[in-house]
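What follows is calculated from the coordinates using simple rules that are stated; it is not laboratory data. Note that the structure is predicted; figures quoted are calculated from it, not measured. In this analysis, Cβ positions are derived from the backbone assuming ideal geometry, glycine residues included, and neighbour counts consider all displayed protein chains.
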Amino acid sequence: MSVRRAGGALLVLLGVFGCEAKAPPPGPGVVARMGGVDLRLDQFEAHLDRALAEREETLNSEALSRLFDQFLTETLLTRLAVDRALVPAGVGAAEAADALLGSEPVGTPGEAELQAWFEGHREELRRPERVELAQILTSDRITAERARREVAAGADFAEVARRLSEDPAADTGGQHGVFAREDLPTAFADIVFQLPEGGLSEVIAADYGFHVFRVLRRFPAAEPTAAAVRQEAMARLRAERADAALARLVGEARSRYAVEVFDRSLPFAYRGDFPTSRPYEKR
């Protein structure tokens, strides 16, 4: 082979390899590329439909960017799970994430870790004094006073609430659940926390009606013990480990499958965490 022909062949080879190294520009509707695989706008729209099922709201660019990043992250994890032969192609993101986490067991926290978690969350776990309340709410004082008189005379509070209360909870006998002092308006808390279990308040006037409260149960303040919160500590530590493992898997997937977002093809201003690319713009 002559030097000229060899040189020509070399130029052809360089041209071929040069073309292969340069990815083609995205086609219409392509909003991202992940490890050489194009992702389309309609795929993201399907993700949006699932994420926002039965929710009617207008989303701004920040919210849409977060959802787009979620879509990319779920796609990354699904692809990683498929490539590891943990799940077949076409599975959902949740199943893929579970399979990935199952392949990297998070283990069981030891006693020292449980004790350290307990010490770090002791204040958060401390239970303040609480009361379980039922309420009768009326729009006029006369009805409220009548309701209170009936209950004070021995009538069943729940029955009176169903008959006279205008509260949405009237159908359940006015039961409202358990409250700490800070959960209630000060005017209410100052009264109900002075009542004994079974106690009945006077009629309390407020901006939105007239209230009569009954204290169904009282719960004293409680100091947590490590034994009492062991299961909660175990569950939360396992969840923290799973979150850390998932973050590592996302990092691995991002390193393995280079992601570029074609933000000009998105119908909103992308402000997410993935790198953007604008191949059609002149540099």
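Worth pointing out:
- Label-to-label distance, LEU48 versus PHE219, with points set 7 angstrom from Cα along the beta-carbon direction: 4.2 nm.
- Restricting the GluC sites (Glu not before Pro) of the range 213-282 to loop positions (DSSP other than H, G, I, E, B) with no more than 15 neighbouring Cβ atoms within 10 Å leaves GLU281.
- Over the residues of the chain, the helix contribution to mean residue ellipticity at 222 nm works out to -15000 deg cm²/dmol, using -39500 (n - 2.57) for each DSSP H run of at least 4.
- Phi angles across the range 175-184 convert, under the Karplus curve 6.51 cos²θ - 1.76 cosθ + 1.60 with θ = phi - 60°, into 3J(HN,Hα) values of 5, 10, x, 9, 9, 8, 4, 6, 7, 10 Hz, Gly and Pro given as x.
- Shape category assigned to the range 127-219 from the gyration tensor of Cα positions, a/c cut at 1.5: prolate
- Cα-projected label distance for ALA228 with ALA242, points at 7 Å along beta-carbon direction, nm: 2.6
- Model label points for ARG256 and ALA206, set 7 angstrom from Cα along the Cα-to-Cβ axis, are 5.5 nm apart.
- The relative contact order of the chain, computed from alpha carbon pairs under 8 Å that lie at least 6 residues apart in sequence, is 26 percent.
- Here's the picture: a label point sits 7 Å out from the Cα of THR108 along the beta-carbon direction, and within the range 228-264 the residues with their amide nitrogen under 19 Å of it are 228-242.
- Loop-resident sites, the range 50-117, for GluC sites (Glu not before Pro), counting at most 10 other Cβ within 10 Å (DSSP): GLU54, GLU56, GLU57
- Low-density loop cleavage sites - trypsin sites (Lys or Arg not before Pro) in the range 52-131, where at most 13 other Cβ are within 10 Å (DSSP): ARG55, ARG84, ARG126
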